[in-house]
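Some notes on the structure that comes next.
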Amino acid sequence: MTLPKSSPSIVHVADRLDVLPISSLQWRVVIICFVIALLDGFDTQAIAFVGPNISDEFGANPIELGRIFAAGLAGLMIGALGSGPFSDRYGRKPVIICACGLIGGFTIACAVAHSVEVLLILRFLAGIGLGAAMPSINVLTAEYAPERHRTILMTMMFVGFPFGAVIGGILSSVIVAEYGWRAVFLFGGIAPLLLIPIIVGLLPESLHFMARKADRPGKSRKKMIKWFAQIDPEFNTNEEVRLLSKRHKNQGTIRELFSTNQAISTALLWLVFFCNLLVLYGLLNWLPTVMRASGMTADQSIYAAVGLNLGGMLGGLVFALGADKFGSTLPLSISYLGAAFFVGLIGFVGPNPVAVLAVIFCAGAFIIGAQFGMNAVVANHYPTEIRATGLGSALAIGRVGAIIGPLVIASMIEANFGTTAVFGVIASPALFALVALLVFHRRKTANLKVTRLRTTL
């Protein structure tokens, strides 16, 4: 008599990650993604650090320099928008590898550009890689993080972005003085290319993504089981198992973001990202140039950008701790109020460099800290199947704001507006972000109450 074959044991990835302690594999994901974010921050900010030098060499006026900034940000938008569906369909890791290759190759090419037009095109192409990397490393970190620690782990990873800008500011002042502005791009391009072998060998694919592919045969399934075994010490690799993730009827399409229950929430999240990144990239791109024009030395103007990013690192970590205790809405509301106040205050501080740097530090803490928080809000809001598409599209719409911000500042400088008017205008979208966030929170709370009521009935 043949005994019936026992059904395979089923392991739900999300449920197991939420109850297990954080393993060394999960820390490895956070650390590698932190390094990628660091290089992303360095290369995104590099153009701002050398902007005054480019103006001097090419004779570029503020409008032309603003177009170079905007070209890079347009690339960021396309990279973020295009990478999300690709990541949801084919995996997070391939997108990250391709993104590092694009960043490295085209940033090195920027080092040999000999005209504003060529530099504009190369920054656009490098921007595609920069934009593609960020949604995937955010999502990969979120999907390896237990829900109870997701905000703090995503924040620890994303701190790499402003930290890269801080390192970039410090290194740029030395590199430019010794070797010229082109060497900054050379350094920024080689580093991501050197990182690719580490990503290939050590960075795992998302377990949530692989579990959605159900019974993947061969090498892919073996890797999935090997990675999960490093997280769960009680997992028996010899058993016949199915690693399942929560299922969803569709996957990886923009249309799914506008399904009946997601449309308004998606629109509100896009508005918050648009406003947040308009303020942030207006500051990131123009701060050194504006500060230098207002009387600071070249080194002081670079340190202004460093101060902005140092503030962002501190603000992001404080936000994450606050979000763990109070939820995300209260810390984010305070962040947007603080951002509007301190960004506007930059124009009123006066010529005292210490006072200016202190206000810029506080502005960075609030506006960059808020962006950290919004990345976590989006990652928690969307299910796995559309998570990369959701975050990528929000970042892409945010990049539209990021393009508009530097162009608005360029036009105001060209029209001889003073620093008070420039920073007053660039601060105001933070208040619109606050309103959109509060409406989003109210809708989400109402939907949760309806869901719970239906469950009870």
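A few points about this structure:
- The one condition in (1) in contact with a helix residue (DSSP H, G or I) (Cβ under 9 Å, 6 or more places away or on another chain); (2) assigned to a helix (DSSP H, G or I) that H114 fails to fulfil: (2)
- Inter-residue pairs, beta-carbon under 9 Å, first under 19 Å from A46 (Cβ atoms) and in segment 291-312, second at pLDDT 75 or above and not in a helix (DSSP H, G or I), 6+ apart: Y303/M296; A304/M296; G312/V159
- Residue check for I128: touching a residue at least 60 places away in the same chain (Cβ under 8 Å) and part of a helix (DSSP H, G or I): no
- Exactly one residue out of A379, A394 is assigned to a helix (DSSP H, G or I), within 24 Å of S87 (Cβ to Cβ), in contact with a Lys or Arg (Cβ under 9 Å, 6 or more places away or on another chain) and small (G, A, S): that is A379.
- Just so you know, in segment 342-357 the residues that are open to solvent by 50 Å² or more (accessible area, probe 1.4 Å) and free of Cβ contacts under 8 Å to residues at least 12 places away in the same chain include one that is nearest to V166 (Cα to Cα), and it is V354.
- Among the residues examined, A402 does not qualify as hydrophobic (A, V, I, L, M, F, W, C), crowded, with 23+ Cβ neighbours inside 10 Å, modelled with pLDDT under 85 and in contact with a Lys or Arg (Cβ under 9 Å, 6 or more places away or on another chain).
- Filtered residues of segment 408-439 (kept if outside any helix (DSSP H, G or I) and at pLDDT below 90): A415, N416, F417, G418
- Residue count for segment 136-165 under the criterion of being open to solvent by 10 Å² or more (accessible area, probe 1.4 Å) and in a helix (DSSP H, G or I): the result is 10.
- Of the set (1) under 20 Å from P288 (Cβ atoms); (2) at pLDDT below 90; (3) of a type outside the set (F, W, Y), all apply to A358 but (2).
- Tally of residues being within 25 Å of L38 (Cβ to Cβ) and at pLDDT 90 or above across segment 315-337: 2
- Hits in segment 301-341 - residues which are aromatic (F, W, Y) and within 19 Å of F161 (Cα to Cα): Y303, F319
- Checking D15 against (1) touching a residue at least 60 places away in the same chain (Cβ under 8 Å); (2) open to solvent by 20 Å² or more (accessible area, probe 1.4 Å); (3) in a helix (DSSP H, G or I); (4) more than 18 Å from L395 (Cα to Cα), the condition it does not meet: (1)
- Cβ-Cβ contacts under 7 Å between residues 6 or more apart (or on different chains), taken from a first residue in segment 143-166 that is on the phi < 0 side of the Ramachandran plot to a second residue that is acidic (D, E), are listed as P146/D18; E147/D18; R148/D18; T151/D324; I152/D324; F161/D40; G164/D40.
- Note on segment 102-115: residues that are open to solvent by 20 Å² or more (accessible area, probe 1.4 Å) and within 20 Å of S172 (Cβ to Cβ) total 4.
- Verdict on A80 being under 26 Å from L25 (Cα atoms) and surrounded by 24 or more Cβ atoms within 10 Å (Cβ to Cβ): no
- Among the residues making up segment 166-184, a single one is of a type in the set (S, T, N, Q) and buried (at least 23 other Cβ atoms within 10 Å of the Cβ): S172.
- Among the candidates G91, G66, G51, the residue that is open to solvent by less than 10 Å² (accessible area, probe 1.4 Å) and over 27 Å from A415 (Cβ atoms) is uniquely G91.
- A Cβ distance below 9 Å, combined with a sequence gap of six or more or placement on separate chains, defines the contacts here; from segment 411-434, residues that are within 16 Å of F366 (Cα to Cα) and small (G, A, S) reach residues that are at pLDDT 90 or above and open to solvent by 40 Å² or more (accessible area, probe 1.4 Å) in the pairs A427/F341; A427/F342; A427/L345; A430/L337; A430/F341; A430/F366; A433/L271; A433/F274.
- Residue, farthest from A14 (Cα to Cα), within segment 387-396, restricted to residues that are at pLDDT 80 or above and open to solvent by less than 10 Å² (accessible area, probe 1.4 Å): A396
The values are calculated or read from the model by the stated rules, or taken from the named source; none is laboratory data. On a predicted model such as this, the values are computed, not experimentally measured, just so you know. Methodologically, a virtual Cβ is constructed for each residue, glycine included, from the backbone with ideal geometry; neighbour enumeration extends over all protein chains shown. In case anyone asks, the SASA skips ligands and DNA or RNA and just uses the protein heavy atoms, side chains included. Shrake-Rupley method; radii C 1.70, N 1.55, O 1.52, S 1.80 Å.
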